[in-house]
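Inspection log for the structure reproduced underneath, given as structure tokens.
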Amino acid sequence: MKMYETVIGLEVHVELSTKSKIFCGCSTAFGGVPNTHVCPVCTGMPGALPVLNRKAVEHAVAVGLATHCEITRVSFFDRKNYFYPDNPQNYQISQLYFPICRDGYLEIRGEFGKKRVGIYEIHLEDDAGKLIHEEDGKGSLVDYNRSGVPLIEIVSRPDLSSAKEVIAYLEQLRMTIQYLGASDCKLQEGSMRADVNLSLRESGSSELGVRTEMKNLSSFRAISRAIEHETKRQAEILQSGGCVRRETRRWDEAKGQSYPMRSKEDAKDYRYFPEPDLPPVVLTDSWISEIRKKIPEMREEKRERYQKTYGLSDYDIDLLTESRQTAEFFEKTVSLCQKPKEAANWLIGETMRLWKDRGVERDEMPFSPEHLAALIRLVEEGRINRTTAKDVFAQIFARDVDPEAYVEEHGLGLMDDEEQLWDMVKQALQENPQPVEDYRNGKEKAFGFLVGQAMKKAKGKANPGKIREILKKML
């Protein structure tokens, strides 16, 4: 039986974080009332002329620089002609012949090791509208709010060979773009979408097989499942002596299978020709240099700095630097309290737990670094214990309360009356003569029990360290 290997290339569409659309001034905000973020330009009215959004160009160049691409000094727009209800112009403005970025790469890591994935090109284009299909299947509605939202399409080379590599590539790409602030890359909102081009070839062969393209992939889970399904489907066809058809397939996540949409088009099918209403995009060295200077410290740079500056573990650093927002929040907190390990523990432990428990979107910080730093100081100064601190933090997370004011208002501070603490420890010893005798006979565990009894007397408001100190003196 012949053995086959999987070859995968990706076309990733990313909506850029501009306030207005790529060729007009309409809002790009997600979730508006259908057909309210529209104008004659983005609805394809006759005589309406496009004007290029400068910020979209800068975002595209920044992504190109961060992915080691060559920046095209003079790029052009082209019309990609096709007829579909969500495409009001009956063409899409894209870049076929002179894309804005070319020949880059992205490095990925995983259980497969380290791998460099080539980027063939990155081009700018406008997004189409959105079809909303009625549940009874009797019709479809069109929302043009998304029509004209600026996109970059990032086309990889066919360097990927498994679902795990694909997910690693997409995660690294998403993280890179989010760090740049070029897009929020929310798959659930469609601001990051991936089309998978997949083929099989005989193991050891350098000749590519016939590929299919899979669309409608709206999550990493769907992408992974679609790759595994399509790999199996093509293998069964080839092993039975059949031929794989070059076609576009739609993935049905609910059924866990794909089905053909249409035969795969070539560029000639779209009848590309130069866009007559837009001048060339000329990128000078000074403009590119200006964009490069605005690129923030990226994750790998942060990782190295965190190791040197904060002395944190690789595990802590990995979690803290997963997003630029979390990393910047951590750094601000540390600048206020000078306790990097404590700040890391609160963000990695309680914050991530509450994100999950309360269904808050990851990286959304509903509280300020000032209040987290203040809570850390309260614990470090012995004014509250860690059990109380967790309760206070839940209130900080929920309502961003001032921890000092909250502790004072609710009487949560630790007892500092020395005489009162001695009395409580004395009572605990008097009420537990057997554990006292056990401790004096060498049973160390009895000491912990007595600490707990004394803390109960103090209703958890005593400093455990102080209780231990007094208990040892009494015993």
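Structure summary
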| item | result |
| --- | --- |
| Where ASP316, ASP269 fall by accessible area, highest first, once all protein chains stay in place (1.4 Å) | ASP269, ASP316 |
| Charge dipole (the chain, unit charges on Cβ, about Cα centre) - positive-most of MET261, THR231, ASN145 | THR231 |
| Magnitude of the charge dipole, the stretch 103-164, Cβ model with Lys/Arg +1 and Asp/Glu -1, debye to 20 | 480 debye |
| Pairwise Cα inverse-distance average, inverted: Kirkwood Rh of the stretch 318-475 (Å) | 17.4 Å |
| Electrostatic dipole magnitude of the chain [Cβ: Lys, Arg +1; Asp, Glu -1; Cα centre; debye, to 20] | 760 debye |
| Global geometry of the stretch 58-187, whether rounded, prolate or oblate, following the gyration tensor of its Cα atoms and the 1.5 cut on a/c | oblate |
| Heavy-atom surface of the chain, accessible at 1.4 Å and reported per residue (Å²) | 51 Å² |
| Cross-link reach list, lysines versus LYS302, counting only Cα pairs under 24 Å and skipping chain neighbours closer than eight places | LYS114, LYS115, LYS186, LYS293, LYS294, LYS332, LYS339, LYS341 |
| Accessible surface of the chain, 1.4 Å probe, proportion on carbon and sulfur as whole % | 49 percent |
| Fraction of alpha-carbon pairs over 42 Å apart in the chain - percent | 36 percent |
| Given charges at beta-carbon only (K, R positive; D, E negative), |dipole| of the stretch 388-475 in Debye | 580 debye |
| Lys/Arg +1, Asp/Glu -1 at C-beta; the chain dipole; positive extreme among GLY448, THR351, CYS42 | GLY448 |
| Inter-centroid distance (Cα atoms) of the stretch 30-89 relative to the stretch 284-354, Å | 33 Å |
| GluC sites (Glu not before Pro) within the stretch 154-235, DSSP loop, no more than 12 other Cβ atoms inside 10 Å | GLU207 |
| Whole-number percent relative contact order across the chain, with pairs defined as alpha carbons under 8 Å at least 6 apart | 13 percent |
| Sequence of MET298, MET45 from largest to smallest accessible area, 1.4 Å probe | MET45, MET298 |
| Rounded to whole Å, sorted largest first: equivalent-ellipsoid semi-axes of the stretch 25-124, Cα gyration tensor | 32, 17, 14 |
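The values are calculated or read from the model by the stated rules, or taken from the named source; none is laboratory data. Here the structure is a predicted model, which is why all the values come from computation and not from measurement. Every residue, glycine among them, receives a Cβ derived from its backbone with ideal geometry; neighbour counts consider all protein chains shown. Side chains included, ligands, DNA and RNA excluded: accessible areas come from the protein's heavy atoms. Shrake-Rupley method; radii C 1.70, N 1.55, O 1.52, S 1.80 Å.
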